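Right, one structure below, let's go through it.
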Amino acid sequence: MLHSAEIEYDAATAISQGRRERQEDAVAADFPAGTGTGFAVLADGMGGHAAGDIASRIVVTEVFSELKLQAGDPAALEQAIGAVLQQAANGADACLGEYASHQPQARGMGATLLAPVLFCDRLYWISAGDSPLYLFREGRLIRLNADHSMASELDGLVAEGRMDAAEAASHPDRHCVTSVLTGAGIPRIDCRSVPVRLQAGDIVLAASDGLQFLPEAEIAAVLAAERLSPSARIGAVLMQRLEALDAPEQDNAALCVIKPFDPRARHPEPAPAPAPDLAQPAPPQTPAPRSRGGRRVVTLLASATWRAAPAASQTKTDAPV
């Protein structure tokens, strides 16, 4: 077990341009030593020459600044974490809109958002888009946050028996995202305001979808093999695996590896612990592969499962853990 009064974090970020012409991912992390708190902010820009790289930097800068401003009082921040994260996301979205309104060439810019926030052994997050937040526990890789993508929607239809698996795998809109920050309101937000409790040996991995060129089984294998290694080593190995793929369509990839630990513990080996009871079921261990050809497109009302939803609808995963 982790003792919440004495938690420290080993955290590291890594970023790669892949085979793309420009770097449209951005990531920043802040885990001050001895505080037992910390956070990371990651954004995956889109829009190509419509300033996807600027969009991701705006989102990371705005959300990071808001969280840093509030971090001086961790108890108050945790008490209001849901509202603070929503406010930070909405502020970043407004900044995108303001920038695009004065830069015609930037119209159409956008970015995903993923921000895990930790208080001792308690993990919260906010996300919009398809950037995954993983928990590695006892050899199992669990996606924690919602996947706002057509791939997720299509796979859901297959699971319900409403679509053929081959049709879903080859769907022309499979690579589209269904919620991102564009400056015009955020269609869907996953904001965790009830914490996931971390256990000894857990590894938290926040990433852009460029990491998903690696199968989840391979990501899990790296984390299992390197579970006692520093976070910087784990991030480097994951990036090396991506490079070894030599995929011609390799997207930008950014990640943050976070390892909470009790500095008083003599034996860091994880004790058996059940997987968290999340508000949404864990995805299948062998999901259908995503189409990676070309750049992603923002699709706001692309799924038959929520066509009737308001454009600014939000979802929350707040079931107790």
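The values are calculated or read from the model by the stated rules, or taken from the named source; none is laboratory data. Bear in mind the structure is a predicted one, so any value in this text is a computation, not a measurement. Cβ sites come from the backbone with ideal geometry, for glycine too, and all protein chains shown count toward neighbours. Only protein heavy atoms, including side chains, enter the accessible area calculation; ligands, DNA and RNA are left aside. Shrake-Rupley method; radii C 1.70, N 1.55, O 1.52, S 1.80 Å.
Phe213 contributes an accessible area of around 40 Å² to the protein surface, as traced by a 1.4 Å probe with all chains present.
Once the gyration tensor of the Cα atoms in segment 46-94 is diagonalised, the equivalent ellipsoid follows with semi-axes of 26, 10, 6 Å, ordered largest first. The portion of the accessible surface of segment 1-138 made up by carbon and sulfur, rounded to a whole percent, is 49 (1.4 Å probe; DNA, RNA and ligands excluded).
The residues packed around Gly72, meaning those with a beta-carbon under 15 Å from its beta-carbon, carry a net charge of -3 if Lys and Arg are +1 and Asp and Glu are -1. Amide H to amide H distances under 5 Å link Thr37 with Cys120, where only residues 5 or more positions off or on other chains count and H is placed in the peptide plane. Inter-part distance, segment 46-102 to segment 103-122, computed on C-alpha centroids, equals 6 Å.
The distance from the alpha carbon centre of segment 191-214 to that of segment 124-149 is 5 Å, rounded to a whole number.
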